[in-house]
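Undergrad: Here it is: the structure, laid out below.
Taken together, the values in this text are just the output of simple stated rules run on the coordinates, not laboratory data. Keep in mind the model is a prediction, meaning the values are calculated, not measured. When we count neighbours, we look across all protein chains shown, and the Cβ atoms used for this are built from the backbone with ideal geometry, even at glycine.
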Amino acid sequence: MATQPTEAVNLSKKIILGALLDCTADPAKLGEKAVRFEQDGAMVIENGKIIARGTREQIENTFSVVTDIEDYSGKFIIPGMIDTHVHYPQTEMIAAYGEQLLTWLIEHAFPTEKKFADKAYAKSVAEVFLTELVRNGTTTALVFGTVHSESVDAFFEVAQQKQLRMIAGKVMMDRNCPDDLQDTPETGYADSKALIEKWHGKDRLQYAVTPRFAPTSSPEQLKQCAALLKEYPSVYMHTHTSENVNECQWVKELYPDSLDYVGVYEDFELLRKRSVLAHGIHLNERELNCLHKTETSVAHCPTSNLFIGSGLFNIQQFRDKNIAVGMGTDVGAGTSFSMLQTFSEAYKVQQLQKNNLTAFEGLFLNTLGGARALDLEGTIGQLEVNCEADFVVLDDAATPFLRFRMQAAKNLHEKLFTLMMLGDDRTIYKTFANGRAIHTRDQ
Ligand code: GUN
Ligand code: ZN
């Protein structure tokens with residue numbers, strides 16, 4: 001990089017003061033040692049990246065000429081949170097009453113998704129969706145579009161304008177859904193390829209090949225998905241698996257030659273690093289071994305699993321096999337955009353199975369764990385030098401009651417746990433992406 005006059009370089013730098021809190025490893029393995037906390041901390045950001053971090057004193061001494069200082073002393077600063085599975089077109093039908101997965105898709109999801117043939121409409125929903133994400137402190141997500149290429153163009157245009165790191169893809173589905181929501185193996189391939197060429201790697205945007213789930217893709221279409229992954233090894237593969245018992249039974253009937261549900265994706269060579277499967281509630285030992293062997297990640301979506309009655313995800317099964325797990329909101333089957341609320345439900349789901357999740361594990365799942373699940377460690381998910389400057393300032397006195405409750409919290413773990421159980425969009429004081437403030441709660 002060409003050197004610039006010192007003054008110009010300094011002018012573009014900014015110091016952020018606050019109580020820096022992030023993970024350097026998985027607290028499920030290392031406990032508190034995996035957590036880094038700098039009560040009087042400071043970060044220096046420049047050109048969208050964190051270029052230094054430390055105590056306030058260290059940073060102020062080293063960067064004494066930098067005058068652009070934002071002071072959040074006394075507030076927690078955590079990495080921008082990562083939603084590893086969500087459907088932006090379902091924003092408008094979140095909280096639809098009374099169904100389980102397969103009827104919910106027919107009654108609520110498919111009719112809504114038809115509207116996304118209209119790009120202007122898609123863009124208006126993308127705007128609402130991304131505004132909601134950043135209001136909730138989420139700065140990266142792995143996102144389903146609809147079958148229409150227009151839905152992905154609209155989404156990426158809005159994400160690009162907000163300078164967000166986002167991964168998305170056009171849904172591929174060529175059977176078992178309404179005719180006007182179907183592509184074909186050939187058009188699904190061609191349209192996805194065109195979108196990859198147009199968007200993958202542009203600014204902070206990446207593409208995910210997105211077969212909806214095994215029931216809505218023919219074997220021919222899954223072959224085309226594999227062809228795309230071979231041609232473009234750095235794209236993601238994003239789909240659903242083993243969410244609902246009726247769905248699992250249906251997959252057995254549709255793919256009788258595969259050993260099990262995960263086996264379908266395995267047989268069509270869709271599993272590798274950067275493959276992310278949502279749910280994984282009803283998996284057998286063989287399927288878990290297969291996910292481990294192929295380095296496939298899983299997105300756990302507790303509010304969705306409870307809302308449409310899918311079942312209880314057992315995180316221990318994945319830990320035992322060293323399978324990367326991220327958290328997903330799965331809006332619109334999920335009921336909240338908030339990753340704090342999502343972790344709160346994850347905690348309860350594990351409680352029902354006699355597993356304990358600590359607040360530190362929650363912080364990990366929502367940040368570095370999500371980054372690992374998306375193969376983005378070193379880029380996002382930490383307040384680390386060279387990481388992108390995506391971070392969130394939390395307000396632990398966001399409401400009078402939260403202020404009251406927090407006074408009784410005795411230590412860091414209790415504070416963070418209370419914040420994660422009771423927190424929501426009001427707790428997100430400010431969200432930064434690419435080094436810029438993109439949401440300020442009180443404005
Ligand atoms: N499985 C296939 N499609 C969907 C969807 O849109 N939402 C959920 N939760 N599961 C699915
Ligand atoms: Zn989903």
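Undergrad: On a full-extension model of 0.36 nm per residue, what is the gain between Gln443 and Arg272, subtracting their alpha-carbon distance, rounded to one decimal in nm?
TA: Result: 57.2 nm gained on full extension.
Undergrad: Using a 7 Å offset from the Cα along the Cα-to-Cβ direction at both Gln249 and Glu127, what is the distance between the two label points in nm, to one decimal?
TA: In this crude label model, Gln249 to Glu127 measures out at 4.6 nm.
Undergrad: Give me the percent of Cα-Cα pairs in the chain that sit more than 36 Å apart, rounded to a whole number.
TA: Beyond 36 Å sits 24 percent of the P(r) for the chain.
Undergrad: With charges set only on the Cβ (+1 for Lys and Arg, -1 for Asp and Glu), what does the dipole of the chain come to about its Cα centre, in debye to the nearest 20?
TA: 900
Undergrad: Follow-up question, since we're still on this one. Quick check on my link table: of Lys223/Lys321; Lys13/Lys202; Lys293/Lys410; Lys49/Lys415; Lys115/Lys202, which ones sit more than 32 Å apart, alpha carbon to alpha carbon?
TA: Lys293/Lys410
Undergrad: Starting at the first residue of segment 168-173, write each ³J(HN,Hα) from the Karplus equation 6.51 cos²θ - 1.76 cosθ + 1.60 with θ = phi - 60°, in whole Hz, x for Gly and Pro.
TA: Coupling constants for segment 168-173: 8, x, 6, 5, 10, 7 Hz.
Undergrad: What relative contact order, as a whole-number percentage, does the chain give when Cα pairs under 8 Å and 6 or more residues apart are counted?
TA: Computed over the chain, the figure is 19 percent.
Undergrad: Specify the angular offset, from 0 to 90 degrees and rounded to the nearest 10, of the alpha carbon long axis of helix 412-422 from the longest principal axis of the alpha carbons in the chain.
TA: Between the helix axis and the principal axis of the chain, the angle is about 50 degrees.
Undergrad: Using r as the Cβ-Cβ distance of Ile106 and Ser64, and R0 as 51 Å, what FRET efficiency do you calculate, to the nearest 0.05?
TA: Calculated transfer efficiency: 0.20.
Undergrad: At 222 nm, what value in deg cm²/dmol follows for the chain if DSSP H runs of at least 4 each add -39500 (n - 2.57) and the sum is divided by all its residues, to the nearest 500?
TA: Taken over the chain, the calculation gives -10500 deg cm²/dmol.
Undergrad: Given H placed 1.01 Å from N in the peptide plane, which residues other than close sequence neighbours of Asn434 have an amide H under 5 Å from its amide H?
TA: Hits under the 5 Å cutoff: Ala389, Asp390.
Undergrad: In which sequence would Glu266, Glu287, Glu220 go, from the one with the fewest C-beta neighbours within 10 Å to the one with the most?
TA: Glu220, Glu266, Glu287
Undergrad: Each label point is 7 Å from the Cα along the Cα-to-Cβ direction; what then is the distance between the points at Glu92 and Ala190, in nm?
TA: Spacing of the two 7 Å Cα→Cβ label points: 2.9 nm.
Undergrad: For a footprinting-style exposure proxy, rank Thr62, Thr335 by other Cβ within 10 Å, fewest first.
TA: Least to most surrounded, the residues fall as Thr62, Thr335.
Undergrad: Can you compute the FRET efficiency between Asn386 and Glu220 using 1/(1 + (r/R0)^6), with r the Cβ-Cβ distance and R0 = 41 Å? Round to the nearest 0.05.
TA: 0.40
Undergrad: Same structure again: Please order Tyr121, Tyr347 by the number of other Cβ within 10 Å, starting at the fewest.
TA: By the 10 Å Cβ count, ascending, the order reads Tyr121, Tyr347.
Undergrad: Spin-label point model (7 Å from Cα, Cβ direction): what's the Glu57 to Ser73 distance in nm?
TA: Taking the two extended label points, one gets 1.4 nm.
Undergrad: Quick one: if the Förster radius is 25 Å, what FRET efficiency do Asp180 and Glu231 give, using the C-beta to C-beta distance and rounding to 0.05?
TA: About 0.30, to the nearest 0.05.
Undergrad: Something else: Return the sequence-ordered ³J(HN,Hα) values of segment 354-366 in whole Hz as given by the Karplus equation 6.51 cos²θ - 1.76 cosθ + 1.60 applied to θ = phi - 60°, using x for Gly and Pro.
TA: 6, 9, 9, 10, 7, 4, 5, 5, x, 4, 4, 4, 7
Undergrad: Going by Cα centres, segment 56-72 and segment 172-243 are how many Å apart?
TA: 47
Undergrad: What are the residues whose amide H is under 5 Å from the amide H of Tyr429, where those residues sit 5 or more places off or on another chain and H is modelled from the backbone?
TA: Val393, Leu394, Asp395
Undergrad: Could you give the length gained by full extension between His413 and Asn355, i.e. 0.36 nm per residue of separation minus their alpha carbon distance, to one decimal place?
TA: Length gained, His413 through Asn355: 19.1 nm.
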